[in-house]
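Encoded as structure tokens, the structure appears first; notes follow it.
The values are calculated or read from the model by the stated rules, or taken from the named source; none is laboratory data. Since the structure is predicted, the reported quantities are computational estimates derived from the model, not experimental observations. Glycine gets a Cβ as well: all are built from the backbone with ideal geometry, and neighbour counts include every protein chain shown. Accessible surface is based on the protein model in full, side chains and every heavy atom, while ligands, DNA and RNA are left aside. Shrake-Rupley method; radii C 1.70, N 1.55, O 1.52, S 1.80 Å.
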Amino acid sequence: MKQFLILLCCFVCLGAGAQRNIDVQHYKYEIELSDLSDAITGKAVIRVTFLAPASQLVLDLASVEEDKGMQAFLVQEVGDAKPLVFGHRNNQLFINLNKPAAAKETRSFEIQYMGTPKDGLIISKNKHGDRTFFADNWPDRAHQWVPCNDVPSDKSAVEFIVTAPGHYRVISNGLLQSEEMQRDGRRRTHWKEDLPIPTKVMVIGAARFAVARVDSSYSIPVTAWVYPQDSAKGTYDYALGDDILKFFTSYIGPYPYKKLANVQSKTIFGGMENANAIFYAENTVTGNRRSEALIAHEIVHQWFGNTATEKSFAHLWLSEGFATYLTDIYIEQKYGVDSFRNRMQQEKMQVIRFALENELPVVDTLSSYMDLLNANSYQKGAWVLHMLRHEVGDKNFQKIVQTYYSQYRHSNADTRDFQRVAETIAGRELGWFFDQWLYRPGVPVLDIEMKMKDKELKIEINQGKHQFRFPLEILVIAEDGEATTHRIEVKGKETEFKLKTKGPVKVSFDPEKKLLYHMK
């Protein structure tokens, strides 16, 4: 025991100045699941490029706390039989290298570990009482069950080899390499994803599944993984994925992956956009396709969030705002402009309610990751895109979306990167637009007063403490039914607009729902 304590202190000292200057190239995980307990056994082989000279490798892995967490018991460099000295504290694994790494040097490491996940891999029973295993990594919960660099900016290829009791089917990212029954009655399943993805969307799911391929002319397989008790309902619901894929492929660009699996699961979220293996909350399977917008939202993430990924969660709107608004556009093309405007109005009210209670910008470096799942990231992000669409025009907006995706496909971006793409396509400076809508809190709060005198309509617009710059459309309808639309630029605290009329008029502000604002 004394030797153990002395060695642990040594680890602590060595780990104190560790730098995370690494770029993971590939993860290979071998995971064993059991029905006898919730404990798992794992082996990880991780190929890492060091971005700076280093004598230590630091990875994320949950420490043991109250009998839950992961315990590494062997770490070694691939090709070297000599074990590496390592320490494990504060959910980090500190690995001392036998030979220091040079900048840009790529090396591989094997980590053998075991434990009972506290989070990240959800081991429970589904609504039918059947035992299930579902990874739920967002935002930084992958390290609860696998060693990794658990940040969205470090994207990597990944493969999972899962050995589980034979009555389970296993779904994961990428393409199926093999599925074999072992002599001991267990099933060994190997999935491999060659494209780089962030840890937040690297998953496995093991359950009693009914698996069906959607009847589709699409170029990649679209499948439904559903509990056997819900197979007919789930297959019908998830068949929507085919048409949704076709629309977004035409609007954004080619689908980035080689399969799309829609999976009924125990995710804690309504849906989780895991790369090409989307997990949906089990109760969203209804058989009446009420979750069409949810399915569309998660499929959009395959482009935005999984392939073009935010550099940090402060820029989460680049995932969630895009998924929300492009779902709105999908609804617009399928069900018409009235359905689209109804959705935008509902989202507007959510933004206003949030803004009245929270002084937070969309690009938010202060809130916790889970707290970022709010109306700023989703609905306000969507409204920013909606207003940008009307600022630059439909054609330019779609080109901005396509160019941004193409430029940052399989890499990472932040809000300023997206702004630069928008400015290039629009051919003008848009810093004022991005600054006020994304880096400042609140929405315009307008106090509007109208006066009619000598057949002249005078409109006075006063803003609250947050002053924005925006175009406001005003629809004026005369007594004879003649309608005219006027566009005025609102700037600063007070804006005045005058209009000659033939008599009394009716006035409607923002008739086509183009502006995010609150009327006082």
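What the table below lists for this structure:
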read-out	value
Nonlocal amide H pairs with A277, under 5 Å, H built at 1.01 Å	A261
Sum of -39500 (n - 2.57) over DSSP H runs of 4+, divided by residues of the chain (222 nm, nearest 500)	-8000 deg cm²/dmol
Amide H contacts under 5 Å for E159, placed H, 5+ residues apart	Y27, K28, Y29, E193
Placed amide H near E310: partners under 5 Å, 5+ positions off or other chain	G305, A413
Largest to smallest principal axis extent of the C-alpha atoms in segment 209-318, angstrom	40, 32, 21
Summed residue charge, Cβ within 15 Å of Q229's Cβ, Lys/Arg positive, Asp/Glu negative	+3
Which of H143, T132, Q177, positive extreme of dipole for the chain (C-beta unit charges)	Q177
Whole-Hz ³J(HN,Hα) from phi, Karplus 6.51 cos²θ - 1.76 cosθ + 1.60, for segment 254-266, glycine and proline x	x, 4, x, 10, 9, 7, 9, 10, 9, 10, 6, 8, 10
Enclosed volume per residue, in Å³, of the convex hull spanned by Cα atoms of the chain	176
Per-residue ³J(HN,Hα) for segment 381-396, Karplus 6.51 cos²θ - 1.76 cosθ + 1.60, θ = phi - 60°, Hz, x for Gly and Pro	x, 5, 5, 4, 5, 4, 5, 5, 4, 7, 6, 10, x, 4, 4, 5
Whole-percent carbon and sulfur share, accessible surface of the chain, 1.4 Å	49
Of the GluC sites (Glu not before Pro) in segment 487-520, those whose Cβ has at most 13 other Cβ within 10 Å and which sit in DSSP loop	E512
The chain, dipole about Cα centre (Lys/Arg Cβ +1, Asp/Glu Cβ -1), debye to the nearest 20	280
Listed residue (V211, A157, Q229) projecting farthest to the positive dipole end of the chain, Cβ model	A157
Dipole axis of the chain (+1 Lys, Arg; -1 Asp, Glu on Cβ), positive-most option in S367, T424, F322	T424
Segment 133-252: equivalent-ellipsoid semi-axes (sqrt of 5 x gyration tensor eigenvalues, Cα, Å)	24, 22, 13
Calculated from backbone phi, Karplus (6.51, -1.76, 1.60) coupling profile of segment 138-154 in Hz, x at Gly/Pro	5, x, 9, 9, 4, 5, 5, 9, 9, x, 6, 9, 8, 9, x, 7, 9
Fraction of alpha-carbon pairs over 15 Å apart in segment 351-401 - percent	51
Kirkwood Rh, Cα atoms: Rg over Rh of segment 25-87	0.99
Per residue, in Å², the accessible surface of segment 472-520 once ligands and nucleic acids are set aside, probe 1.4 Å	62
